[in-house]
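Encoded as structure tokens, the structure appears first; notes follow it.
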Protein chains: 2
Amino acid sequence: MELTGKQLIAGREVSSTSDSFQADNPATGRTLEPAFFEATTAEIDEAVAAALEAFDSFKSKRAEARADFLDAIADETLALGDEFLERTAAETGYPLARCSAERDRAINHTRQFANLIREGSWLDARIDLPDLTRKPIPKPDVRSLMQPLGPVAVFGASNFPIAISVLGADTMSAFASGCPVVVKGHPAHPGTCELAARAIYTAAEKARMPAGVFSLIQGRSHEVGTALVQHPDITAAAFTGSLAGGRALFDIANQRPVPIPFYAEMGSVNPLFILPGALKSRASKIADGFVAALTQGNGQFCTNPGLVLGNKSEDWARFSELVKEKVMAVAPATMLHAGIHSAYRSGIESRCENEALKVLGHSSENADDDKLEAAAYLFETTQQGLADDPTLLDELFGPCSTLVSCDGLEDMVAVAKSLKGSLSVTIHATEEDLANQKELISILQTKTGRLIFNGYPVGLEVCHSIHHGGPYPATTHSHYTSVGTRAIERFVRPICYQDWPNSMLPIELQDANPRGVFRLLNGQRTRDEVVF
Amino acid sequence: MELTGKQLIAGREVSSTSDSFQADNPATGRTLEPAFFEATTAEIDEAVAAALEAFDSFKSKRAEARADFLDAIADETLALGDEFLERTAAETGYPLARCSAERDRAINHTRQFANLIREGSWLDARIDLPDLTRKPIPKPDVRSLMQPLGPVAVFGASNFPIAISVLGADTMSAFASGCPVVVKGHPAHPGTCELAARAIYTAAEKARMPAGVFSLIQGRSHEVGTALVQHPDITAAAFTGSLAGGRALFDIANQRPVPIPFYAEMGSVNPLFILPGALKSRASKIADGFVAALTQGNGQFCTNPGLVLGNKSEDWARFSELVKEKVMAVAPATMLHAGIHSAYRSGIESRCENEALKVLGHSSENADDDKLEAAAYLFETTQQGLADDPTLLDELFGPCSTLVSCDGLEDMVAVAKSLKGSLSVTIHATEEDLANQKELISILQTKTGRLIFNGYPVGLEVCHSIHHGGPYPATTHSHYTSVGTRAIERFVRPICYQDWPNSMLPIELQDANPRGVFRLLNGQRTRDEVVF
């Protein structure tokens, strides 16, 4: 499939400027063809207008039809074949196996959303029946369910070019809810974005959806994203990326005359606590698991464990020695793009100069800057070191982590209290350790969206129960997740019908409950029909 | 019960400044004793610190214990007796019957939240069971449910001194979720706030809750509210009031280093559409109902119908004449306080001078400014008039409304498209009218949180299905409601437990499901226990 580098607006190829950019292969430095054109304000307006025009028709489709559209997207994603994976690999430096695993994840979540809306109970349909004899005033018939917000803007992440980009859960949950989507393509993988967009258009055609349900606009300047978030007809936006970028767009979304929700998943330090019993019995196994998690995807995961806490002891010293040896053996690997590479390098330099830290170890092999390679790094400090320099509690994106030696569990509690919001917190412990740490656990519950026991934060399970969110700066709104079926909640709001004629109600609120969804009927959860 | 005028911080009476203010009886101009002291920054810090200290203990209580606390609040609210209602009446100019009805509503929603958390399914507990044999990687055990955010700030409304103030659904839903509350008392009804606070403390003592679970701070300056919203340990805030006040605090909440959700319920114009069939068959009945809704509570409802649309016709002329006569017969009545009265007066003056409007009629009797009385006003205009001056689409708080004469249904659609977000939209129609208006209804669905058929927006039903929210400027976040049991969602977020030991899980996630709550088990809604 030939790439055009143009905006894809409701299926049309559009470009009206010569301002363009190209992707690079980070491992070779080679510039990849073709040039991609920077979206103009007029093109952004056109994409949002197409989304708005498609909204009424799209939201009115039966859930089954939207589910078929999602399944068609999954099919067409697979049909893109090896060409798609090869383009992604070239744009990211990822091995093909990683690209293939990401594609599997995207197909998986797309089908999950299809099944979610086929089942229908996610709509949270509620009915309170009337009572015309109630005193002093009759009780009306009140029914409510979720409805889609309108056109949604999506900003993908550079580190998941397939599973958190055009084909990510942001796009798919918005489609599932009935919202059209305008994606701002990531400038580091524009070709991957264009190929993915074409799969969506093929699916839209097969599933007879209006083409305006999706547009892809490209651009490397901040202006493109800003114009999209400021557009008066955009009703919500989802973003995965850096704290600086996410916060800037969050501020813009809130400062609009009509503010919109801006759901950003941003930085996270993902601390890993090792309690004494676990350290004693499993130091070597934890060292293996931790270094594998730290270096998976070359450390370019938002769930990368950036802090490891343990109590000073012989076991801790042994653990430190083990992880040091393992990190020294890590081969430097190519990072996603020059911006991430340069931020990692300067972050490492600044930590090397930081008096609160000591370098415990790093990749023995030199990193090749021409290949944008990153060396893995391990630092060490104490509870006092963290207290003296709170910037050490911030994420440094890449394969580096800091071991924090604590003088007893009070130190761990002090560190826990000082933590910022994080996507995940991991505890390695025996059940006995855990039972003795009620205070620590209670504090950690306030700091994260996911608590992991004797595992590792990378390799997120995509399911109904997952929560990939957490207090700021992990996200801008801790109520929401960007992964798992709950992600659909970001793009809907309740609407309530009072004394509305039965035949005019959304089908899930009609007396007969023809879709058999779970409803809250006079406060009781049931799939029964309403009988007067 | 003697009023002290002091801050009530975790049950202690505190004041450290001589800066004070007093409430007035709006109907008589009489100043009411005692003086209320302006909260200092140190006092606000003390209240939030007490809330934070109480949080861990409060959130760890069994749901049954928190439900008992809520029931005790309902009991103690009733036990405040007539003295409470008399103080409210003196501070608001409301008749005692209205105060009593508000108290009933507060008791009702307080018990509703008690029952909601006793039942427990609101927690949205989810379980995805593990599969250790899955390839390429084993599937972990993932479980999630809602947990409370932390200390919550509440700003009550002047127009509901009991049901949307200290004893409002904001406070009660936060308590139900497990969040401590700091209320900023409304300066127009500080005595009502203090009495209500004392009922909460008596209930906390009886139910053995930490006193820090609640504090009341008083103040008339913006600084008090600002300091509360900016406090780093406040995790969310709820507000009911004006667009200007709500937006200012929303901006402050978003500009914090760590932004927090600020849930404001603000202005709303609540348009009422009368379609031809209804106008023909029920003009007189609708005129009765509309004027009753317009003047209920002296028009001081956020659900007040501020725009009425109909097609030019003999029926519409008859309807206009009927409502004009009824409005002329409305006796001027006292408004809540001098600020609202003066805003209403200047709003009416400005509309009287507006060339896009004509005065259709107003209360024949003169309003007495010394008693802060408001005359009811009806204006008339056309679709073009609204298009020429979009400020007419904004709420003017008080007993006034504007009739919009439309040249056919296209005009109605044009007005619908131009509407800002509104808490409610009402349609009077025959079922045949409605079936012919799919486009109009589809537009209105995007403009409001509640669609009413052949009724009136005032007299909100407090139940599971109600949604008292809507697109901005009705609220700052259209996903949430401030009335009804769904209001609890504002103060919680999901937390996810991965491979967590069963005995250490929150009880609602444990295999045996001892509370029998509905859970999403591998995607299926069930109250079953988990059997491996």
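FYI, it's all coordinate maths here, none of it is from the lab. In this text, all values refer to a predicted model and were calculated from it rather than measured experimentally. Don't worry about glycine lacking a Cβ; one is built from the backbone with ideal geometry, like all the others, and counts go over all protein chains shown.
Take each residue of peptide A:464-476, count the partner chain Cβ atoms within 10 Å of its Cβ, and average: the result is 6. Under the convention that each Lys and Arg Cβ holds +1 and each Asp and Glu Cβ holds -1, the size of the dipole of the protein assembly as shown around its Cα centre is about 1960 debye. Inter-copy label distances for residue B:369: 7.6 nm (label point placed 7 Å from Cα along Cα→Cβ; shortest first).
Going by neighbour counts of Cβ atoms within 10 Å, the residues A:406, B:302, B:496 line up, fewest first, as A:406, B:302, B:496.
Per-residue ellipticity at 222 nm, computed for the protein assembly as shown from helices alone with -39500 (n - 2.57) per DSSP H run of at least four residues, works out to -12000 deg cm²/dmol.
Taking the longest Cα principal axis of chain B as reference, the axis of helix B:96-119 is set at about 30 degrees. Looking at chain B, the DSSP beta bridges with both ends there are about 45 percent antiparallel.
Couplings for the range B:263-279, taken from phi via the Karplus curve 6.51 cos²θ - 1.76 cosθ + 1.60 with θ = phi - 60°, read 9, 10, 10, 10, x, 7, 9, 6, x, 10, 9, 10, 7, x, x, 5, 5 Hz in order; Gly and Pro are left as x. From most to least packed by mean Cβ count within 10 Å, the peptides A:364-372, B:505-513, B:36-44 give B:36-44, B:505-513, A:364-372.
Available extension along the chain between residue A:12 and residue A:410 is 137.1 nm, counting 0.36 nm per residue and deducting the alpha carbon span. For the rotational copy pair B/A, the chain B residue whose Cβ lies nearest the symmetry axis, together with its distance in Å, is B:254, 2. Charging the Cβ of each Asp and Glu at -1 and of each Lys and Arg at +1, and nothing else, the dipole of the range B:272-453 about its Cα centre rounds to 500 debye. Taking θ as phi - 60° and the Karplus parameters 6.51, -1.76 and 1.60, the scalar couplings of the range A:283-288 work out to 3, 5, 5, 5, 4, 4 Hz in sequence order, x denoting glycine and proline.
Name the aspartates and glutamates eligible as straight-distance cross-link partners of residue A:326: C-alpha to C-alpha under 17 Å, and not fewer than 8 places from it in the same chain. Those aspartates and glutamates meeting the cut-off are A:288, A:315, A:365, A:380.
Across all C-alpha atoms in the range B:229-324, the radius of gyration and Dmax reach 20.0, 61 Å. Summing charges over all other residues whose Cβ lies under 13 Å from the Cβ of residue A:360, with Lys and Arg as +1 and Asp and Glu as -1, gives +1. Close amide-amide hydrogen proximity is noted between residue B:382 and B:405, each under 5 Å apart and 5 or more residues distant or on a separate chain (H modeled in the peptide plane; Pro and chain starts excluded). Judged by the mean number of other Cβ atoms found within 10 Å, the most tightly packed of the peptides B:408-414, B:239-245 leads the ranking B:239-245, B:408-414. A dipole drawn for the range B:272-453 from +1 and -1 charges on Cβ atoms has a positive end, and of B:317, B:339, B:274 the residue lying farthest that way is B:274. Can you grab the distance from the C-alpha centre of the range B:199-219 to the C-alpha centre of the range A:1-75, Å, no decimals? Their Cα centres are 55 Å away from one another. Mean partner shielding of peptide A:477-488, defined as the number of other chain Cβ atoms within 10 Å of each residue Cβ, is 4. With Cα atoms defining each centre, the range A:463-532 and the range B:281-313 are spaced 32 Å apart in the structure. Shown for the range A:166-306 is the translational diffusion coefficient from the Stokes-Einstein equation, using the Kirkwood radius over Cα pairs, a temperature of 25 °C and a viscosity of 0.890 mPa s: 138 µm²/s. Expressed per residue, the C-alpha convex hull volume of the protein assembly as shown stands at 161 Å³. The spacing between the range A:225-263 and the range A:139-198, judged by their C-alpha centroids, is 14 Å.
For each pair in A:280/B:59; B:59/B:184; A:139/B:6; A:6/B:139; A:59/A:206; B:59/B:139, compute the distance between the two Cα atoms and list the pairs where it is over 29 Å. Pairs exceeding 29 Å: A:280/B:59; A:139/B:6; A:6/B:139; B:59/B:139.
The slack in the chain from residue B:251 to residue B:75, taken as 0.36 nm per residue of separation less the alpha-carbon distance, amounts to 59.6 nm.
Per residue of A:124-137, what is the mean number of Cβ atoms on other protein chains within 10 angstrom of that residue's Cβ? If you can, show how the numbers build up before the last one.
Numbers: counts 3, 1, 8, 3, 7, 2, 1, 0, 0, 0, 1, 0, 2, 3.
Per residue, the average neighbour count from other chains is 2.
Phi angles of the range B:514-528 translate, via the Karplus equation with coefficients 6.51, -1.76, 1.60 and θ = phi - 60°, into HN-Hα couplings of x, 8, x, 7, 5, 9, 9, 9, 6, x, 10, 7, 7, 9, 5 Hz per residue; Gly and Pro are given as x. With the cut-off at 1.5 for a/c, could you classify chain B from its C-alpha gyration tensor as rounded, prolate or oblate? It comes out oblate by the Cα gyration axes. Remark on residue B:522: its backbone amide H falls under 5 Å from those of B:127, B:128, B:129, a criterion applied only to residues 5 or more positions apart or on other chains, H modelled at 1.01 Å from N.
Dipole size of chain B about its Cα centre, with +1 on Lys/Arg Cβ and -1 on Asp/Glu Cβ: approximately 1480 debye, rounded to the nearest 20.
Rg over Rh for the range A:272-453 works out to 0.95, using Cα positions for both radii and the Kirkwood form for Rh. Across the identical copies, the label point of residue B:442 (7 Å from Cα in the Cβ direction) is separated from its matches by 5.4 nm, in order from shortest. Pairs of Cα atoms in the range A:78-138 fall into 10 Å distance bins, from 0 up to the last occupied one, in shares of 18, 25, 16, 15, 8, 8, 9, 1 percent.
One decimal place: the segment residue B:60-residue B:503 gains 158.0 nm when fully extended, by the rule 0.36 nm per residue minus the C-alpha distance.
Annotation: amide H-H contacts under 5 Å for residue A:214 (H modelled 1.01 Å from N, sequence separation of 5 or more, or interchain): A:10, A:181.
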